[in-house]
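Novice: Take this structure first; my questions come after.
The values are calculated or read from the model by the stated rules, or taken from the named source; none is laboratory data. Because the structure is predicted, anything quoted here is derived from the model rather than measured. Note: ideal-geometry Cβ built from the backbone for every residue, glycine included; neighbour counts use all protein chains shown. Accessible surface areas use protein heavy atoms only, side chains included; no ligands, DNA or RNA. Shrake-Rupley method; radii C 1.70, N 1.55, O 1.52, S 1.80 Å.
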Amino acid sequence: MSTTPSSIPGMGAIPHSGGGTTFRVWLPNASEVNVAGNFNDWSTTAHPLASESNGYWSSDIGDANLGDRYRYVIRGPYIDGLQWRTDPYCKSVENTDEGNGAIVADTFNWADDRFQMPPWNELVIYELHVASFNGQNAQPGNFGSIIGKLDCLKDLGINAIEILPIQGFPGTYSLGYNPALPFDIESSYGSPDDFKTFILAAHQRGIAVILDVVLNHFGPDDLNTSLRRPDGWYVDNRDGIYFYSDWREQTGFGPRPDYGRGEVRSFLKDSAMLWLDEYRVDGLRFDSTVNIRNVYGNNNDPAHDLPDGWSLMAWINDEVDRSMPWKITIAEDLQDNPWITYPTGEEGAGFDSQWDAYYYWRIVDTVVVPRDQDRDMTQIAQALTHSLGPDMCKRLLYFNNHDQCAAINNTVRLPDRIWRGHADSWFVRKRYTLTAGVLCTSPGIPMIFQGDEFLTWGSWDPHTDLDWSQLQRFPGIYALFRDLFRLRRNLGGNTGGLTGQHIAILHINNTDKLIAWHRWSEGGPGDDVVVVANYANTSYVSYAIPFPSPGTWYVRFNSDSSAYSPDFGNQPGYATTADPYGNVGIGPYTLLILSQ
């Protein structure tokens, strides 16, 4: 039995290849720390850790091996007797009141993983929630049930999945935004190897995996067995060493970590890098970064900014850029703040992209207006040309996401926002498919939420399975999304401009509610794209718009096609010769995509 600190680096439980395990934990106010587990009949004294004199405790314990369960037993001046705590760095924790951790090792075979991250300007992202995406026999979905739908997602044409948080939470169902242990995987979703198996399966189909992580708060549930007052110390009835001990702790969601404390900063960075390194996820989406950088989540409140939060985000992004620059980091900040995606060398936070709420509200608010005459095409133009930096990939675009349709937020999906209770009507389907077309032709990275591709309506509840029968009911809507994604990714070789950086508004008719824009990368045939959107219930046999270059322009997409629904009007959107104006036919609430 070792009574000296371990010389083996690392945190948590580090199994040795020849047997035995190193344990290391940070407990600066403890006077004694032991490891109890099934390997010592849960003895509270049999396996002490040694103090490293810097707040860390460690030892090499030969009796503890892979698969064994364990917890720390802690004594100290701020503890009455002793207390048990789960290892904050544990990667596999039982979903029980005790929260026993398991000793696990990274032995997964990645030999068949030859995946390469798509260029970010070609990404099409599908946001999903593990439990509700494909539930099985009234049980929550898991990583295996997602694998069962990967071929469908590949056929749809997405090439990235953004998965809501998978870190352990109390109970079986959750949105995932109440994590207590950021290294742990929710046991109802599967084991660490199950998650790796899912990632490998996605990679084998050309699909990247982006994981949602929560660093703006922890809990509030399940903290009593893990991060809350682990060595007994606290002040002002707050939560101890992992959290701020003053007014900065409160977020409204759970206590905020102390971003100014080195040990906590390392803990948070290590948790983020784990998913990119060991699990090979292809990117991270950081939840509510405004609550990392500001005490009250306020964009324009410098008096309450958290410089330590800004520097933590920059530190993590710098490390990703240094070690894995092809992997993408995405911020959910929602404050229209370009400093989030400015490089760290320019005093920005260094994220590669951020959710664009400015775009969302203008696109959605325009399409849900009941009367055509009240729509404002300048709002669409502003959404299309809005910028968060010189690279269009700095914007992640959507007309729906988990927050904007969550029952817990008293919100509904876009079909019900357009006309509540009539989500399957012609009027809703036409305006919904028009919005899908705008999303896929706007400069930025497009994202949809699970079920958007077959007109799912109502509110999203994590307890309720996605209704896959909608795919059989609305196969044309699915086909429309599939066609749009192919064009957005330029899989046909004639819409390269949709992956490009550039946009110019060609035409705005705010009386008749039409707008046209030009997208391009380098320009020329196969690259230049013209998009025409009709936001009114009026059809045109011939409507003149300016084109960026003369010659023949061909219709690549017409959302009024009866292939997408038998009651769509199928107004011809024919090839046109421009010099510099050309005439197009366009149906009501319709979007056309043309190229040379």
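Novice: Just checking, how many residues over region 396-426 are over 24 Å from the mean Cα position of the chain (by Cα), part of a loop (DSSP other than H, G, I, E, B) and closer than 19 Å to Thr590 by Cβ?
Specialist: Going through region 396-426 one residue at a time, the tally reaches 3.
Novice: Tally the residues that are small (Gly, Ala, Ser) and open to solvent by less than 40 Å² (accessible area, probe 1.4 Å), restricting the search to region 101-150.
Specialist: Final tally of qualifying residues: 8.
Novice: Another question, if that's okay. Is it fair to say His518 is under 30 Å from the mean Cα position of the chain (by Cα) and in a strand (DSSP E or B)?
Specialist: yes
Novice: Among what's in region 226-278 and is assigned to a loop (DSSP other than H, G, I, E, B) and among the polar types (S, T, N, Q), pick the residue that is nearest to the chain's Cα centre (by Cα).
Specialist: Thr251
Novice: At pLDDT below 95, polar (S, T, N, Q) and either open to solvent by 20 Å² or more (accessible area, probe 1.4 Å) or under 27 Å from Phe474 (Cα atoms) (or both), is that true of Asn410?
Specialist: yes
Listed here are the residues, each with its yes/no results for (1) in contact with a Cys (Cβ under 9 Å, 6 or more places away or on another chain); (2) in contact (Cβ under 8 Å) with a residue 60 or more places away in the chain; (3) not in a strand (DSSP E or B).
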| residue | (1), (2), (3) |
| --- | --- |
| Val25 | no, yes, no |
| Ala36 | no, no, no |
| Trp42 | no, no, yes |
| Thr45 | no, no, yes |
| Asn54 | no, no, yes |
| Asp60 | no, no, no |
| Ala64 | no, no, yes |
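Conditions tested, residue by residue: (1) under 14 Å from Ser188 (Cα atoms); (2) outside any helix (DSSP H, G or I); (3) among the small types (Gly, Ala, Ser); (4) touching a Pro at 6+ places or on another chain (Cβ under 6 Å).
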{"site": "Gly141", "(1), (2), (3), (4)": "yes, yes, yes, no"}
{"site": "Ile146", "(1), (2), (3), (4)": "yes, no, no, no"}
{"site": "Leu153", "(1), (2), (3), (4)": "no, no, no, no"}
{"site": "Glu162", "(1), (2), (3), (4)": "no, yes, no, no"}
{"site": "Ile166", "(1), (2), (3), (4)": "yes, yes, no, no"}
{"site": "Pro170", "(1), (2), (3), (4)": "yes, yes, no, no"}
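Novice: How many residues are surrounded by fewer than 23 Cβ atoms within 10 Å (Cβ to Cβ), within 30 Å of Phe454 (Cβ to Cβ) and among the aromatic types (Phe, Trp, Tyr) if we restrict to region 517-551?
Specialist: Matching residues across region 517-551 total 1.
Novice: Restricting the search to region 335-365, which residues are polar (S, T, N, Q) and open to solvent by less than 10 Å² (accessible area, probe 1.4 Å)?
Specialist: Answer for region 335-365, where residues must be polar (S, T, N, Q) and open to solvent by less than 10 Å² (accessible area, probe 1.4 Å): Thr341, Ser353, Gln354.
Novice: Now a separate question. How about region 552-576: which of its residues are closer than 20 Å to Gly496 by Cα, of a type outside the set (D, E, K, R) and open to solvent by 50 Å² or more (accessible area, probe 1.4 Å)?
Specialist: Residues of region 552-576 closer than 20 Å to Gly496 by Cα: 552-559, 575-576.
Next, only the ones that are of a type outside the set (D, E, K, R) stay: 552-555, 557-559, 575-576.
Residues satisfying the conditions are Thr552, Tyr554, Ala575.
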